[in-house]
Amino acid sequence: MVLFSWIHCFVNVKKRKGRCNEQWHLRIGPNLLSINQSWSADGKGGTSLGFGASVYDAAVLLADYVCMKVCLGGKRVAELGTGTGAVAVQAAVQEPRAREVVATDGDEDLLEGLTRGNLTANMGRVLGEVLDTVKVKQFYWGNEDHLQELGPPFDVVLIADCSAVIYESSFGALVDSIFRLCHASTDVYLSCQERVRGVEAKFFHLLGRKFRVREVPRNDLHKDLRATKELKLFHLRTRRAHTTGC
Ligand SMILES: C[S@@+](CC[C@H](N)C(=O)[O-])C[C@H]1O[C@@H](n2cnc3c(N)ncnc32)[C@H](O)[C@@H]1O
């Protein structure tokens, strides 16, 4: 069991072991989330698409922001590249309740081996039952069948730490997938950790073609993370947007 700590798993290799492969008790606002992790030293963090088996700081940043600033009540919420499911867990336990929360990832083994269990455990702890409004579904970015299966559009789309260099070949598919999940007034919240500047710039260039991108002011970020300049959070609206949400 590992108590709360801001160890960064991608870069802090020495400290990674023992911080990213065990249960993590993570306080987000009034909620104490319990997230199982299973990072391993295979060069891809223990998952086939890479680094989905532990909670990254960008996920903590996003979960905290959603908890503090985003109204999910009655809305359809999708998360892309959910990994352990930490952000989706926060969305699922948050009051007022979302109408639906769908945690997605391209890695089916990860979803069945880790994510589903994390959602079930946390929903069970909060409600004493597992709600059928909280779902786990495979979505490999760009896969049309997976996309249709989700039943877009969603009112809120969440993405944490999916613009890292190892996913570079999927940037186009990711941006297109986010766009395809949106209606004109969908709120998209995307957090990232800048690691290789040129690569991230490429991602944001693609993103800017389809979305209006606004960086969330650092004062609105979690107080323990706002000083880490590489961690950033963005609010996106599609370029076809013309109305405002809650
Ligand atoms: C760095 S992890 C972030 C996990 C989680 N969002 C977090 O921040 O803790 C990136 C996630 O994206 C998923 N992923 C990578 N490439 C993908 C693709 N082409 N389609 C769907 N998911 C993908 C991985 O399986 C992994 O769970």
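Observations on the model:
- Among residues of region 221-234 that are free of Cβ contacts under 8 Å to residues at least 40 places away in the same chain, those with a Cβ under 8 angstrom from a residue that is assigned to a strand (DSSP E or B), sequence gap 6+ or separate chain, pair up as GLU230/GLN193.
- Within region 76-97, considering residues that are among the hydrophobic types (A, V, I, L, M, F, W, C) and more than 16 Å from GLY151 (Cα to Cα), the one surrounded by the most Cβ atoms within 10 Å (Cβ to Cβ): VAL87
- Residue-level check: of (1) away from the ligand (no atom under 13 Å from the Cβ); (2) modelled with pLDDT of 95 or more; (3) closer than 22 Å to LYS135 by Cβ, VAL93 misses just (2).
- ALA121 vs. criteria aliphatic (A, V, I, L, M), surrounded by 15 or more Cβ atoms within 10 Å (Cβ to Cβ), within 13 Å of the ligand (Cβ to nearest atom) and closer than 16 Å to GLY83 by Cα: no
- Any chance VAL102 is in contact with a strand residue (DSSP E or B) (Cβ under 8 Å, 6 or more places away or on another chain), of a type in the set (Val, Ile, Thr) and away from the ligand (no atom under 16 Å from the Cβ): no
- Verdict on THR115 being of a type in the set (Ser, Thr, Tyr), over 26 Å from PHE204 (Cα atoms) and within 13 Å of the ligand (Cβ to nearest atom): yes
- Of all residues in region 164-180, those satisfying the criterion of being in contact with a Phe, Trp or Tyr (Cβ under 6 Å, 6 or more places away or on another chain) and either more than 9 Å from the ligand (Cβ to nearest atom) or aliphatic (A, V, I, L, M) (or both) are PHE171, ALA173, LEU174.
- For first residues located in region 34-51 and at positive phi, partners that are outside any loop (DSSP other than H, G, I, E, B) and within 9 Å of the ligand (Cβ to nearest atom) and lie 6+ apart or on another chain with Cβ distances below 7 Å form the pairs GLY50/ILE166.
- Remark: ASP64 falls outside the filter, which requires a residue to be at pLDDT below 95, more than 7 Å from the ligand (Cβ to nearest atom) and not hydrophobic (A, V, I, L, M, F, W, C).
- Checking each residue in region 46-61 for being more than 6 Å from the ligand (Cβ to nearest atom) and under 12 Å from LEU33 (Cβ atoms) picks out only VAL60.
- Flag if SER38 is part of a loop (DSSP other than H, G, I, E, B), buried (at least 24 other Cβ atoms within 10 Å of the Cβ) and modelled with pLDDT under 95: no
The values are calculated or read from the model by the stated rules, or taken from the named source; none is laboratory data. Because the structure is predicted, anything quoted here is derived from the model rather than measured. No Cβ is skipped: glycine too gets one built from the backbone with ideal geometry, and neighbour counts run over all protein chains shown.
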